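**Q** Sending over a structure as structure tokens; questions will come in a sec.
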Amino acid sequence: MNRENQIKLLKKYLKGKRIEHSLNTEKTAVKLAKIHKADIKKAATAGLMHDIAKYISNEEKQALIKKYK
């Protein structure tokens with residue numbers, strides 16, 4: 001999934017400051033990946049998407065698990 005689609009998902013599932021937090025976490029993750037010679041794209045994705053399920057109900061999480069299992 002490209003960054004544009006990741007941002008769309010963030011906007012669907014997260015609210016205001018939580019989106020800003022995720023964008024800042026992405027930046028920090030990229031900086032750390034560069035320092036530690038880790039995969040920058042994976043670090044960016046992890047930083048950006050780390051809170052994506054924060055406001056999803058447990059029932060919806062279970063449905064997604066079944067769907068993508």
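**Q** Please pick out the residue among Leu9, Leu48 that is in contact with a Leu (Cβ under 8 Å, 6 or more places away or on another chain), in a helix (DSSP H, G or I) and either without any contact (Cβ under 8 Å) to a residue 24 or more places away in the chain or aliphatic (A, V, I, L, M) (or both).
**A** Leu48
**Q** Looking at (1) part of a loop (DSSP other than H, G, I, E, B); (2) at pLDDT below 95; (3) exposed (fewer than 13 other Cβ atoms within 10 Å of the Cβ), find the lone condition where Lys37 falls short.
**A** (2)
**Q** Filter the stretch 20-34 for residues that are touching a residue at least 12 places away in the same chain (Cβ under 8 Å) and not hydroxyl-bearing (Ser, Thr, Tyr); which is most open to solvent (accessible area, probe 1.4 Å)?
**A** So, considering only residues that are touching a residue at least 12 places away in the same chain (Cβ under 8 Å) and not hydroxyl-bearing (Ser, Thr, Tyr), the one most open to solvent (accessible area, probe 1.4 Å) is Lys27.
The values are calculated or read from the model by the stated rules, or taken from the named source; none is laboratory data. Because the structure is predicted, anything quoted here is derived from the model rather than measured. Every residue, glycine as well, gets a Cβ built from its backbone with ideal geometry; the counts of neighbours run over all protein chains shown. Remember, those area values only see protein heavy atoms, side chains included, never the ligands or the DNA or RNA. Shrake-Rupley method; radii C 1.70, N 1.55, O 1.52, S 1.80 Å.
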